[in-house]
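Have a look at the structure below, then the notes.
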Amino acid sequence: MTDLEQQMDSQEAALALYLEENDGDRLTDILVAALDDALRLMQEDVGRETLH
């Protein structure tokens with residue numbers, strides 16, 4: 001299992017916990033972490049591109 005898959009599983013578990021407990025602050029933390037991951041992945045992709 002890759003790091004990304006593990007993070008996604010962890011985020012899914014955290015989201016399930018939120019839905020069970022109805023904790024808005026926790027959901028905000030989950031969403032911010034997911035956005036940070038997405039931004040990091042996009043920055044890595046841009047860094048790999050070369051301009052000629």
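The values are calculated or read from the model by the stated rules, or taken from the named source; none is laboratory data. Predicted model only: the values in this text are computed from it and were never measured. Note that we place each Cβ from the backbone using ideal geometry, even for glycine, and neighbour counts take in every protein chain shown. Surface areas here come from the heavy atoms of the whole protein model, side chains and all, with no ligands, DNA or RNA. Shrake-Rupley method; radii C 1.70, N 1.55, O 1.52, S 1.80 Å.
Observations on the structure shown:
- Options [x] 12.5; [y] 11.5; [z] 11.8 - which one matches Kirkwood radius over Cα pairs in Å as calculated here: [x]
- Using a probe of 1.4 Å, the accessible surface attributed to E12 totals some 110 Å² when neighbouring protein chains are kept in position.
- Here the chain exposes an accessible surface that is 56 percent carbon and sulfur, computed with a 1.4 Å probe and the other protein chains kept in place.
- Helix 3-21 axis, angle to the chain major axis (alpha carbon atoms, nearest 10°): 30
- For the chain, accessible area per residue (1.4 Å probe, heavy atoms of protein chains only), Å²: 87
- Angle between the chain longest axis and helix 24-48 axis [Cα atoms, degrees, rounded to 10]: 10
- Distance between the pseudo-spin-label points of M8 and D29 (7 Å out from Cα toward the beta carbon): 2.4 nm.
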